[in-house]
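The values are calculated or read from the model by the stated rules, or taken from the named source; none is laboratory data. These numbers were taken from a predicted model, which means no experiment stands behind them. Cβ: placed from backbone, ideal geometry, glycine included. Neighbour counts: every protein chain shown. Each accessible area value is taken on the protein alone, full model and side chains, heavy atoms only, with ligands, DNA and RNA left out. Shrake-Rupley method; radii C 1.70, N 1.55, O 1.52, S 1.80 Å.
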Amino acid sequence: MPVNPIHGVTKDEIVPNLKALGIGEGDSVLVHSSLSSFGYVVGGADTVIDALLDATGPEGTVLVPTLTGRREDGPNNPPVFDVRNTPCWTGRIPTQFMKRPGARRSLHPTHSVCGIGAIAAALIEGHERSLTPCGAQSPYYRLAQKGGFILLIGVGQASNTTIHTAEELAEVPYHMQKEPVNTIVIDYEGKRRVERLYLHDWGTPRRFERIDEELLHLGIMRIGKVGASTLRLISSLPMIEFLVEKLRKEPRYLCR
Ligand SMILES: CC(C)(COP(=O)(O)OP(=O)(O)OC[C@H]1O[C@@H](n2cnc3c(N)ncnc32)[C@H](O)[C@@H]1OP(=O)(O)O)[C@@H](O)C(=O)NCCC(=O)NCCS
């Protein structure tokens, strides 16, 4: 659908394009985003959030990554995460999303996600007890098991956190720190807890972009446009299954 070049992108233009891409009412979608990729959006991040909530409807669920992990996190530098106010580094849309009424953020000290919708609470519950950040007990994998999608708005596969889920399930040798870390998590009631968890090792450069063509070719991903932004809609479970199989045969498939 064309975008008015003078007035910018509106919700009425985003919603039908999300639907045309394959998002329907009742769907669950994890959204990685760049607001500026659209060009000018009337109403900014809130317009995009409204469009995502509209497209998925009251029975649907929207998740955004609200990541806080840093390269230096480790036993000598344990992360301290306060779910109420630790800022994320994943952009304006997740930052605004966290302020929405009913938005609930998971308690993971490095890889929290924030959700609104029918199954948001079930997806994020207990993330802080997931032994690895994106593993079998994380919202990333649970979303996949529920038939959910990953939506990349104006960003590439390098932003696709769920690729780490495949790395964690396949137990690739380079991805996790060898020892668990006593992380500090401060919950919604202000209670401070110690969560002993395995954290990512940031040392190995990846080439996640290499899966882009394959996902398209396999019919696991569809591509669309809204304004100046390219959108990628990926079926999460088929992507994970494809990657786990690849990584079991070739553990360094995603490494540079
Ligand atoms: C880093 C990243 C967020 C930067 O994208 P971005 O579009 O430059 O930034 P945001 O999405 O935060 O949007 C804010 C920008 O949008 C622009 N903007 C502001 N209002 C706007 C509007 N109404 N319409 C369109 N763009 C607008 C501005 O350039 C603003 O930047 P500024 O705050 O420096 O002025 C993005 O590239 C990215 O990586 N996103 C994915 C993150 C992720 O999920 N990572 C997972 C890693 S495993």
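Considering region 47-81 alone, what residues qualify as being assigned to a strand (DSSP E or B) and either open to solvent by 20 Å² or more (accessible area, probe 1.4 Å) or free of Cβ contacts under 8 Å to residues at least 12 places away in the same chain (or both)?
77, 80
Can you tell me which residue in region 20-41 is least open to solvent (accessible area, probe 1.4 Å), limited to those that are assigned to a helix (DSSP H, G or I) and more than 16 Å from the ligand (Cβ to nearest atom)?
Among those residues, the one meeting the criterion is 21.
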If you take just the helices (runs of 4 or more DSSP H) that sit entirely in region 95-204, which of them hold at least 3 residues that are aliphatic (A, V, I, L, M)?
120-124, 162-170
Among (1) surrounded by fewer than 20 Cβ atoms within 10 Å (Cβ to Cβ); (2) of a type in the set (A, V, I, L, M); (3) within 14 Å of the ligand (Cβ to nearest atom), there is one condition residue 15 misses while meeting the rest; what is its number?
(3)
Filter region 234-244 for residues that are assigned to a strand (DSSP E or B) and open to solvent by 10 Å² or more (accessible area, probe 1.4 Å) and give the result.
235
Hey, residue 102 hits all of (1) on the phi < 0 side of the Ramachandran plot; (2) open to solvent by 50 Å² or more (accessible area, probe 1.4 Å); (3) over 12 Å from the mean Cα position of the chain (by Cα) but one; which does it fall short on?
(1)
Residue check, residue 225 closer than 28 Å to residue 62 by Cβ and open to solvent by 60 Å² or more (accessible area, probe 1.4 Å):
yes
Of the numbered conditions (1) open to solvent by less than 40 Å² (accessible area, probe 1.4 Å); (2) within 13 Å of the ligand (Cβ to nearest atom); (3) touching a Pro at 6+ places or on another chain (Cβ under 9 Å), residue 44 satisfies every one except a single condition; which is it?
(3)
Mind checking whether some residue in region 105-116 is touching a strand residue (DSSP E or B) at 6+ places or on another chain (Cβ under 8 Å), basic (Lys, Arg) and away from the ligand (no atom under 16 Å from the Cβ)?
no
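A quick yes/no check of all residues on (1) open to solvent by 60 Å² or more (accessible area, probe 1.4 Å); (2) within 16 Å of the ligand (Cβ to nearest atom); (3) over 24 Å from residue 48 (Cα atoms):
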{"position": "145", "(1), (2), (3)": "yes, no, yes"}
{"position": "177", "(1), (2), (3)": "no, no, yes"}
{"position": "186", "(1), (2), (3)": "no, no, yes"}
{"position": "195", "(1), (2), (3)": "no, no, yes"}
{"position": "205", "(1), (2), (3)": "yes, yes, yes"}
{"position": "208", "(1), (2), (3)": "no, yes, yes"}
{"position": "221", "(1), (2), (3)": "no, no, no"}
Residues of region 167-210 being among the polar types (S, T, N, Q) and in contact with a Ser or Thr (Cβ under 8 Å, 6 or more places away or on another chain), which ones?
183
Across (1) surrounded by fewer than 18 Cβ atoms within 10 Å (Cβ to Cβ); (2) within 13 Å of the ligand (Cβ to nearest atom); (3) more than 21 Å from the chain's Cα centre (by Cα), residue 9 clears everything bar (1)
